[in-house]
Amino acid sequence: MPDLASACRLALAECLAVRAGDTVLVVTDTVLQTIGDAFFQAARELKAEAAIITMLPRDNHGQEPPAMVAAAMRQSQVAVLATSRSLSHTRARREANAAGARIASLPGATADMLERTLAVDYTALAADCEHYAAILTRGQEVHLTTPAGTDLTFSIAGRQGYPDTGLYRRPGSFGNLPAGEAYIAPVEGTAAGLLVIDGALAGIGVLEKPLRIKVEAGQAVAVGGGREARLLEDIFTRYGPASRNIAELGIGLNPLARLTGNVLEDEKVRGTVHIALGDNSTFGGQVEAPSHLDGILLQPQLRVDGQQVL
């Protein structure tokens, strides 16, 4: 297993195709400073024109960074977002990609996680991710069930599935590290049924007891499940109705990932599905919210247009 320094060099050289002279910006915060510093040092060793910005932590996943950070991201060829709260679903990230930046987002990454999961076979992983993304793109209707009680239906008609392959070598490309999922934005207003999150939830971690979420007209309308349910309701209250949106269906595909309570890794665990609540404006949806929370479902059965996919 590689050490952190080797993992960061691998990520920059193989995943982001960093070459000597590339302008590489590392955005970190005071919580993940150690990870940010490791990426900065790796960029220096690759002879990139490297810079690092350390900001104060955001309050929640999906909250915008300061304007000066967003401006620096737009000016970079490569941006590594090693922050405790995710910048993936922000205007700043979207605008930097539109300006041509190659971006990897690593919200909440730990040294252990990066050392374990980055040395994956990216050719095989990319093939898997693209296969499932194509199924989602072709699909119209989804039916998702789990042994814990999930029974949820929604439309994905007209929406594009995206592969998170770990290979972000083209200008404007973006994804997570560790990588390994295929995902899509359900059509707003179409999700209905019961969503039972029994693995983990972003911002909370591995759940003590499953969260039971009643879904009507594409919104989480009622939550049960003890302490974690109260925490989720607090987020809904703080960020408003848009944070209740059924925002994403994702399929985990990374064989090296395991359920740890850290959503960056949890959502990539092969054989799981995740449903996100809140913002989906950065991958084909129409809801913009200052929150994007992924919930991991264990042992899912996923049907697309009646055909069993998982």
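The values are calculated or read from the model by the stated rules, or taken from the named source; none is laboratory data. No experiment lies behind these values; they were computed from the predicted model shown. We place every Cβ from the backbone using ideal geometry, glycine too, and count neighbours over all the protein chains shown.
In the set (1) over 25 Å from Thr190 (Cα atoms); (2) assigned to a helix (DSSP H, G or I), the condition left unmet by Ser243 is number (1). Taking (1) surrounded by 18 or more Cβ atoms within 10 Å (Cβ to Cβ); (2) of a type outside the set (Phe, Trp, Tyr); (3) in contact with a His (Cβ under 8 Å, 6 or more places away or on another chain); (4) part of a strand (DSSP E or B) in turn, Arg303 satisfies each apart from (1).
With respect to Leu4, is the statement that it is within 19 Å of Lys268 (Cβ to Cβ), of a type in the set (A, V, I, L, M, F, W, C) and crowded, with 17+ Cβ neighbours inside 10 Å true? Yes: the conditions hold for Leu4. Taking first residues from region 278-292 that are at pLDDT 95 or above and partners that are surrounded by fewer than 18 Cβ atoms within 10 Å (Cβ to Cβ) and of a type in the set (Lys, Arg), no Cβ contact under 9 Å between residues at least 6 apart in sequence or on separate chains turns up.
Candidates Arg230, Arg270: the one that is among the basic types (Lys, Arg) and surrounded by 16 or more Cβ atoms within 10 Å (Cβ to Cβ) is Arg270.
Any idea how many residues of region 35-71 are assigned to a helix (DSSP H, G or I) and touching a Ser or Thr at 6+ places or on another chain (Cβ under 9 Å)? Talk me through it step by step, then tell me what you get.
Step one: of region 35-71, the residues assigned to a helix (DSSP H, G or I) are 35-45, 67-71.
Pick out the ones that are also touching a Ser or Thr at 6+ places or on another chain (Cβ under 9 Å) and you get 35-37, 39-40, 42, 70.
Result for region 35-71: 7.
Check whether at least one residue in region 174-192 is modelled with pLDDT of 95 or more, surrounded by fewer than 20 Cβ atoms within 10 Å (Cβ to Cβ) and assigned to a strand (DSSP E or B), and report yes or no. Yes - at least one qualifying residue is present in region 174-192. Please verify whether Leu106 is in contact with an Asp or Glu (Cβ under 9 Å, 6 or more places away or on another chain) and either at pLDDT 95 or above or closer than 27 Å to Gly205 by Cα (or both), treating the condition exactly as stated. Against the criterion (in contact with an Asp or Glu (Cβ under 9 Å, 6 or more places away or on another chain) and either at pLDDT 95 or above or closer than 27 Å to Gly205 by Cα (or both)), Leu106 does not qualify. Of the residues that make up region 212-224, is at least one more than 19 Å from Leu177 (Cα to Cα), without any contact (Cβ under 8 Å) to a residue 12 or more places away in the chain and outside any loop (DSSP other than H, G, I, E, B)? Among the residues of region 212-224, at least one is more than 19 Å from Leu177 (Cα to Cα), without any contact (Cβ under 8 Å) to a residue 12 or more places away in the chain and outside any loop (DSSP other than H, G, I, E, B), which makes the answer yes. Just one residue in the set Gly166, Gly108 is out of contact with any Ser or Thr (no Cβ under 9 Å at 6 or more places or on another chain), in contact (Cβ under 8 Å) with a residue 60 or more places away in the chain, buried (at least 16 other Cβ atoms within 10 Å of the Cβ) and within 24 Å of Val263 (Cβ to Cβ); that residue is Gly166.
Being surrounded by fewer than 20 Cβ atoms within 10 Å (Cβ to Cβ) and among the hydroxyl-bearing types (Ser, Thr, Tyr) is the filter; apply it to region 233-262 and report the residue that is nearest to Gly62 (Cα to Cα). Here the residue is Thr237. Considering the conditions (1) surrounded by 20 or more Cβ atoms within 10 Å (Cβ to Cβ); (2) over 18 Å from Asp164 (Cα atoms); (3) aliphatic (A, V, I, L, M), Ala20 is excluded by exactly one of them, (1).
Listed here are the strands (runs of 3 or more DSSP E) enclosed by region 72-167 that have at least 3 residues being not assigned by TED's automatic domain parsing to the domain that holds Ile184: 78-82, 102-105.
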